[in-house]
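The values are calculated or read from the model by the stated rules, or taken from the named source; none is laboratory data. Nothing here was measured: the structure is a model prediction, and the numbers come from that model. Cβ coordinates were reconstructed from backbone atoms using ideal geometry, including for glycine residues, and neighbour counts include every protein chain displayed.
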């Protein structure tokens, strides 16, 4: 029984590790945000992309920070989402 429990625990830890490895965070420059509703729209558009687990946007910094599963989406899809609502973005370096 103890061997089985250890095997199950090892499998769970392996799955959790691979899921954590797939998570990435990117900061997007969104220079066209100009009013208080812009970050809300950007955050909402990014949150709708499958694989995004967290998104935030700042008017002051004119940027969005996105945490996503790179096995389900990519930076290009995130930039397409912001461009699709009128806010082109690029990866901030």
Identity of the residue in region 59-90, assigned to a strand (DSSP E or B) and in contact with a helix residue (DSSP H, G or I) (Cβ under 6 Å, 6 or more places away or on another chain), that ends up nearest to residue 22 (Cα to Cα): 69
Residue within region 21-36 that is at pLDDT below 95 and in a helix (DSSP H, G or I) present: yes
Residue pairs meeting the criteria (Cβ under 9 Å; at least 6 apart or on separate chains; first at positive phi, in region 75-91; second surrounded by 12 or more Cβ atoms within 10 Å (Cβ to Cβ)): 86/32; 86/41
Of residues in region 34-55 being without any contact (Cβ under 8 Å) to a residue 24 or more places away in the chain, under 18 Å from residue 80 (Cβ atoms) and out of contact with any strand residue (DSSP E or B) (no Cβ under 8 Å at 6 or more places or on another chain), the one surrounded by the most Cβ atoms within 10 Å (Cβ to Cβ): 44
